[in-house]
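See below for the structure under consideration.
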Amino acid sequence: MPFTTKNMKFILTLLLSSLLLSVSMGKDKKILFLGNSYTAQSANFIKEVFKREGGSYELRFGTPGGKDLHFHLTNPTSQKALQSAKWDFVVIQDQSQKPGLGGQYTQGFHTAAKGLCSAIRKQGAKPCFFMTWGRRDGDKRNARVYPDFITMHGKISASYEKAAEENGALLAPVGRAFAIVHGQDKALFRKLYKSDGSHPSSEGGYLAACVLWGTLTGKDPVSIRWNGSLNSSQAKVLREAAQSVLKNKG
């Protein structure tokens with residue numbers, strides 16, 4: 001091609017377009033997770049789904065065991081993490097029993113949720129609640145309040161739904177997805193848990209990752225191609241459960 005002014009303009013246009021595209025593609029979405037062992041034991045699946053399903057994401061986790069939202073609201077390490085970057089989303093998860101126990105525990109959850117959402121917004125980020133699930137066989141330590149999965153799920157989910165609505169936050173309804181599997185396939189439901197009947201197994205962590213990915217990206221979890229360590233038919237059922245709860249948020 002002979003070198004002309006017209007050709008030079010064309011080349012410069014291509015270079016500028018390429019530069020703008022690279023800048024656009026290189027901007028990571030930044031997501032901070034503040035929770036406890038429930039988030040920590042789902043983290044590998046969350047990381048893999050976000051990495052494998054396209055987009056550019058930077059994920060960071062603050063997940064000391066057994067901690068609640070009040071801890072993250074007042075803990076210097078959690079607050080330093082919150083203030084360390086311009087996050088797009090901050091995902092927050094409470095201790096697994098407190099939100100639905102009633103009395104001071106539920107009130108404490110809502111008070112801390114309000115304070116933490118306010119702190120998140122001051123950083124320019126959108127808060128997102130990670131709704132946890134009822135324990136597989138209820139909670140033996142609080143059997144009167146949580147005699148079985150369905151009762152515990154109902155109380156936990158109601159608190160998270162209220163907190164998300166009152167604080168104008170996103171809600172990743174992972175607990176609802178557990179409930180869908182409970183209603184459809186009891187054998188697969190039991191596989192969502194480790195042997196303690198509380199923490200997520202590979203299946204449970206995968207389901208949590210699908211719901212969180214769908215919530216934060218706005219994409220359909222059924223489009224996820226990665227099955228992790230699960231067989232393809234089980235992974236498909238879990239993706240469909242994630243899709244169902246996100247399609248029926250009301």
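The values are calculated or read from the model by the stated rules, or taken from the named source; none is laboratory data. Everything numeric in this text was worked out from a predicted model, so none of it was measured. Note that each Cβ is placed from the backbone with ideal geometry, even for glycine, and that neighbours are counted across all protein chains shown. Accessible surface is based on the protein model in full, side chains and every heavy atom, while ligands, DNA and RNA are left aside. Shrake-Rupley method; radii C 1.70, N 1.55, O 1.52, S 1.80 Å.
Values as computed for the structure displayed
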item: Under the Karplus curve 6.51 cos²θ - 1.76 cosθ + 1.60, θ = phi - 60°, whole-Hz ³J(HN,Hα) for the range 53-67, x wherever Gly or Pro sits; result: 9, x, x, 10, 10, 10, 10, 9, 10, x, 9, x, x, x, 7
item: Given K30/K51; K51/K219; K30/K219; K140/K194; K191/K219; K98/K155, the pairs whose alpha carbons are separated by over 20 Å; result: K191/K219
item: Virtual spin-label span in nm between E240 and K122, 7 Å along Cα→Cβ; result: 4.7 nm
item: Residues with amide H under 5 Å from that of F129, placed H, sequence gap 5 or more; result: I92, L170, L171, A172
item: Modelled FRET efficiency - R0 30 Å, S195 with T74, Cβ distances, 0.05 increments; result: 0.35
item: DSSP bridge orientation in the chain - percent antiparallel, rounded to nearest 5; result: 5 percent
item: Amide H contacts under 5 Å for F33, placed H, 5+ residues apart; result: R60, F61, G62, V91
item: Distance (nanometres) between label positions extended 7 Å along Cα→Cβ at A158 and D185; result: 3.0 nm
item: Separation in nanometres of the label points that stand 7 Å from Cα toward Cβ, at E166 and D137; result: 3.4 nm
item: Backbone N under 18 Å from the S229 label point (7 Å along Cα→Cβ), restricted to the range 174-216; result: 188-210
item: Rounded to the nearest 10 Å², the accessible area of I224 at probe 1.4 Å; result: 0 Å²
item: Mean Cα-pair separation over length for the chain, i.e. relative contact order, pairs under 8 Å, 6 or more apart, %; result: 18 percent
item: Probe 1.4 Å, accessible area per residue of the range 146-250, Å²; result: 41 Å²
item: Residue-averaged 222 nm ellipticity for the chain, from DSSP H runs of 4+ at -39500 (n - 2.57), nearest 500; result: -17000 deg cm²/dmol
item: Accessible area in the full protein assembly, largest first, 1.4 Å probe, for R141, R190, R176, R121; result: R141, R190, R121, R176
item: Bins of 10 Å from zero: percent of alpha-carbon pairs in the chain; result: 7, 30, 33, 16, 6, 4, 2, 1, 0
item: Cut-off under 5 Å, modelled amide H: who pairs with D148 long-range; result: D139
